[in-house]
Amino acid sequence: MSTRRSNLLASAMTVFLLYAVFPLFWLVISSTKTTSDLFSTFGLWFARDFALLSNIRQVFSYGDGEYIRWLGNTILYAGVSAIGAACLATFAGYGFAKYVFKGKNALLGIVLGTIMVPATALAIPTYLLFSKVNLVNTPWAVILPSLVSPFGFFLMWVYARDAISDSILDAARIDGAGELAIFFKVSMRSLAPGFVTVLLFALVATWNNYFLPLIMLNNPRYYPLTVGLSSWASQAVGGSGANADLLALVVTGSLLSVIPLIAVFVSLQRYWQSGLTAGAVKE
C-alpha cells in the first residue's frame, strides 16, 4: 500500500514539475527563433535558423538600449523593495513574537487582516494618495508600496516565535546585553533563513509587478521590465504601423528577465537552513 501511495505521489509531483517547467522550456525554445519562425515552426522545438544571439543583440540595442534602462529600473525597484520589506517584516515580526505591549493583539489582528486584501484593490487608492504628494511618475511610487509586506510580517512573526528560544534571550539579558545587541548579535542569526525567505518573496513580487507600475508611471524612462515588454508587445500587435519583429524581442527579453531571479535564488539557497540554534539550550 505504501509503495502504491509513493508511486501516486511521485506521479503527481512529476505532473506539477512538468506544469511548472513547461513555460520556461517554451520560452527558451522560442527565444532562439525569429518572429516568422515563431508562427511557422513547431512551438516545442528549435527552428532551422538559430537566432538567439541575434535576438539578444537586438533586445539590448532596440530603442537606444531602453531594455537596459528598464532592467536597471527593475533591479533598483526590486532590490530596494525586497531589502526594505524583509527588514521591516523582520523587525515587526520579532517585536510581536518576543515582546508584550498594550494593544498587541488588536494590532496583530489588523495587520493579519490586510493579508486578505488583494494588492490590486489598493492600487487606485495608493495612486490617489501619491498624487497628492507629487510622488506619481517617480521611482518612489513603486518602491514605497512594495516595502509593506503583511505576508512577510506574518511569516517572520511565526518564524521568530518558534525559532528563537526565550531562554537564549534571557541568558543574553543576564549577561548585560541590550535589546538591540540581542537582536543583531543573537536573534538575527536564527532569523536569517526567514529573512532570506521574505526577501525572495518580496523580490519576486516586485520584479514581476505589473499593475502598480502601470498606473503609477507614464514616462517610459521609469518603466520596469514588465511594463516595458508589454509596451513592446503592444507595438508588435497594434493596428497599422505595427512592428511584428518585436515579438521575437519580447520573447527573448522575457527570457533574459528570468535569469537574474534564478541567479538570486541559487546564490541565496544556502541561507535556507533551519535549526541554527537547535540544541543550544537544554530544555
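The values are calculated or read from the model by the stated rules, or taken from the named source; none is laboratory data. Since the structure is predicted, the reported quantities are computational estimates derived from the model, not experimental observations. Every residue, glycine among them, receives a Cβ derived from its backbone with ideal geometry; neighbour counts consider all protein chains shown. Only protein heavy atoms, including side chains, enter the accessible area calculation; ligands, DNA and RNA are left aside. Shrake-Rupley method; radii C 1.70, N 1.55, O 1.52, S 1.80 Å.
Across the range 161-213, the qualifying residues are those that are among the hydroxyl-bearing types (Ser, Thr, Tyr) and touching a residue at least 60 places away in the same chain (Cβ under 8 Å), and the one among them that is nearest to Leu225 (Cα to Cα) is Thr206.
Report yes if some residue within the range 253-262 is touching a residue at least 24 places away in the same chain (Cβ under 8 Å), closer than 30 Å to Leu129 by Cβ and not polar (S, T, N, Q); otherwise report no. Yes - at least one qualifying residue is present in the range 253-262. You will find that of Arg57, Arg48, Arg4, the residue that is modelled with pLDDT under 80 and either under 29 Å from the mean Cα position of the chain (by Cα) or of a type in the set (Lys, Arg) (or both) is Arg4 and no other.
Identify the residue in the range 24-48 that is of a type in the set (D, E, K, R) and in a loop (DSSP other than H, G, I, E, B) and, among all such residues, is nearest to Asp245 (Cα to Cα). The extreme case among them is Lys33.
Quick check: is even one residue across the range 127-143 closer than 21 Å to Leu203 by Cβ, among the aliphatic types (A, V, I, L, M) and open to solvent by 40 Å² or more (accessible area, probe 1.4 Å)? Taking every residue of the range 127-143 in turn, none turns out to be closer than 21 Å to Leu203 by Cβ, among the aliphatic types (A, V, I, L, M) and open to solvent by 40 Å² or more (accessible area, probe 1.4 Å).
For the range 50-95, the set of residues classified as open to solvent by 30 Å² or more (accessible area, probe 1.4 Å) and closer than 16 Å to Gly194 by Cα consists of Ile83, Cys87, Leu88, Phe91, Ala92, listed by residue number.
The set of residues in the range 96-112 being surrounded by 14 or more Cβ atoms within 10 Å (Cβ to Cβ) and either of a type in the set (S, T, N, Q) or within 22 Å of Met188 (Cα to Cα) (or both) consists of Phe96, Ala97, Lys98, Leu108.
Conditions tested, residue by residue: (1) of a type in the set (Ser, Thr, Tyr); (2) open to solvent by 40 Å² or more (accessible area, probe 1.4 Å); (3) part of a helix (DSSP H, G or I).
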{"site": "Gln235", "(1), (2), (3)": "no, yes, yes"}
{"site": "Ala244", "(1), (2), (3)": "no, yes, no"}
{"site": "Val250", "(1), (2), (3)": "no, no, yes"}
{"site": "Gly253", "(1), (2), (3)": "no, no, yes"}
{"site": "Ile262", "(1), (2), (3)": "no, yes, yes"}
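Would it be correct to say that Tyr67 is among the aromatic types (Phe, Trp, Tyr) and within 24 Å of Pro213 (Cβ to Cβ)? Answer is yes for this residue.
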